[in-house]
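Take a look at the structure below.
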Amino acid sequence: MEAILLEYAWVLVVLIVLEGLLAADNAVVMAVMVKHLPKLQQKKALFYGLLGAFVFRFAALFMITFLVNIWQIQALGAAYLLFISIKNIYDQRKKDKHGDDLTKPRKQSGFWMTVFKVELADIAFALDSMLAAVALAVTLPELGDFHIGGINGGQFIVMLMGGIIGLIIMRFAARQFVVLLEKYPSLETAAFLIVGWVGIKLVVLTLSHEKLQILNPAFPHSTLWKTTFWVVLVGIALYGYFIGVSNDRKNRKA
């Protein structure tokens, strides 16, 4: 029993790290979505977004054996993230090209519409997060003779704990990203590039779904893809940070 509990503790630590990494890209998406709102509404929108993230992750845990068969959820999530990434980068480029005086101000979403958009992203993120958690948890020996949502009770509790801690990390990360975007507005383009790259990650998950198998189902979990994803994501973040900070300093001096 001690050996089993030690194994559970180790997987929980790994799962917390994994959820923390997933929370980072989720937090970027939430940050750019709520950035245009007044500060008080930003906090409320982030709160509702995180509440929705918890609800969707909890629901996904109960229904994971059913949801894993619906590749369309991941496909819609990927399309949604790619759409908002491309649209916002296009709008920014158009604004930079024509100047502030030659273009109409972009009509921003209201508070509840922003919350709705965040919740849509949360649905895709919940499935992504729970699939990663299940892949880890199923390697554990079963603990107890009860099952929840088709998953052993002990494994379910580990996934739930990892998910909750991941959400706590996301809460603080999202707020810090909002502050960073307010301080360095030029970072917004890099942020939307990251949103698009996260959308590409969901595209890869969709194409490798067992019902499609356009890509090898094992590819999204391979070291090659995981390394590529994080190297590119960190590269976009670093490039965007240095370029953004440099541009903002130039603008302030001008």
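Quick notes on this structure:
- Restricting attention to region 1-41 and to residues that are among the β-branched types (V, I, T) and under 19 Å from the mean Cα position of the chain (by Cα), the residue that is most open to solvent (accessible area, probe 1.4 Å) turns out to be V17.
- Among the residues of region 54-98, the ones that are hydroxyl-bearing (S, T, Y), farther than 24 Å from L131 by Cα and at pLDDT below 80 come to 0 in all.
- Criterion (touching a residue at least 40 places away in the same chain (Cβ under 8 Å) and open to solvent by 10 Å² or more (accessible area, probe 1.4 Å)) met by exactly one of F56, F47: F56
- Reported count of residues in region 141-176, each being open to solvent by 30 Å² or more (accessible area, probe 1.4 Å) and either on the phi < 0 side of the Ramachandran plot or in contact with a Phe, Trp or Tyr (Cβ under 6 Å, 6 or more places away or on another chain) (or both), is 18.
- Looking only at region 205-223, and only at residues there that are without any contact (Cβ under 8 Å) to a residue 24 or more places away in the chain and assigned to a helix (DSSP H, G or I), the one that is surrounded by the most Cβ atoms within 10 Å (Cβ to Cβ): P220
- Restricting region 116-139 to residues that are open to solvent by 10 Å² or more (accessible area, probe 1.4 Å) and more than 15 Å from the chain's Cα centre (by Cα), the residue that is farthest from A45 (Cα to Cα) is T139.
- Scanning region 1-44 for residues that are hydrophobic (A, V, I, L, M, F, W, C), farther than 24 Å from N88 by Cα and touching a residue at least 40 places away in the same chain (Cβ under 8 Å) returns I4, V11, L12, V14, L15, I16, L18, L21.
- Region 184-196 - residue that is in contact (Cβ under 8 Å) with a residue 60 or more places away in the chain and assigned to a helix (DSSP H, G or I) and, of those, most open to solvent (accessible area, probe 1.4 Å): L193
- Test: residue in region 200-216 that is out of contact with any Phe, Trp or Tyr (no Cβ under 6 Å at 6 or more places or on another chain) and among the small types (G, A, S): no
- Among the residues listed as K250, K226, K201, the single one being among the basic types (K, R), over 19 Å from K35 (Cβ atoms), assigned to a helix (DSSP H, G or I) and open to solvent by less than 40 Å² (accessible area, probe 1.4 Å): K201
The values are calculated or read from the model by the stated rules, or taken from the named source; none is laboratory data. A quick note: this is a predicted structure, and the numbers were derived from the prediction, not measured. Heads up, the Cβs are rebuilt from the backbone with ideal geometry, glycines too, and the neighbour counts pull from every protein chain shown. Only protein heavy atoms, including side chains, enter the accessible area calculation; ligands, DNA and RNA are left aside. Shrake-Rupley method; radii C 1.70, N 1.55, O 1.52, S 1.80 Å.
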